[in-house]
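Report on the structure given below.
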Amino acid sequence: MIKKVDHIGIAVRSIEDSLDFYVSTLKLELLGIEEVESENVRVAFIKAGETKLELLQPTSPNSAVAKFIEKKGEGIHHVALGVSSIEERIQELKENGIQMINETSKPGAGGAQIAFMHPKSTGGVLLELCEKK
């Protein structure tokens, strides 16, 4: 069902202010930056070996990431699990009693289809299903 940890989402107030640490200090490679309007975030993709880090900067005070930062501060927001056949995975999880935030997949960053599981069903961790073609 799960192929790998695809990426770790990290909520930040400013991508520009955060990049120096990841790129200059840790010597990780910046792969690109894009805006995901449907989620009200800018996303910086950083290569960290086999996994990516995604720096998530809110573009609206109403975004889920802005609310996360307001409540908990900057830090790890979610863990994304790479899957195939995301719609089938969503149905399997729902059949096993997992509450989904997204009942069907939707477009996410980097051309992926995504769906989030509710932290109430995952021991307090926001988990994302991520299918990339």
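Quick note: the coordinates plus some simple rules give every number you see, no bench work behind them. Only a predicted model underlies this, so the values are computations on that prediction, with no experimental measurement involved. Note that we place each Cβ from the backbone using ideal geometry, even for glycine, and neighbour counts take in every protein chain shown.
Annotation: lysines with alpha-carbon distance below 24 angstrom to Lys52 (same-chain offsets under eight excluded): Lys3, Lys4, Lys27, Lys67, Lys72, Lys106, Lys132, Lys133. Listed values (i) 14.5, 45; (ii) 17.0, 59; (iii) 15.8, 58 include one computed from this model; for Rg and Dmax of the Cα atoms in Å that value carries the label (i).
Antiparallel beta bridges, as assigned by DSSP with both residues in the chain, represent about 80 percent of the total such bridges. Length gained on full extension, Leu31 to Ser14: 4.4 nm, using 0.36 nm per residue less the C-alpha separation. With Rh defined as the Kirkwood radius, the inverse of the mean 1/r over Cα pairs, the Rg/Rh of the range 1-70 is 0.99.
In the chain, helical runs assigned H by DSSP with n ≥ 4 each contribute -39500 (n - 2.57); averaged across all residues and rounded to the nearest 500, the mean residue ellipticity at 222 nm is -5000 deg cm²/dmol. Between Lys4 and Gln91, the contour length at 0.36 nm per residue exceeds the alpha carbon distance by 29.4 nm. Relative to the Cα centre, the charge distribution of the range 2-131, modelled as +1 at Lys and Arg Cβ and -1 at Asp and Glu Cβ, gives a dipole magnitude of about 360 debye. Taking the longest Cα principal axis of the chain as reference, the axis of helix 86-95 is set at about 60 degrees.
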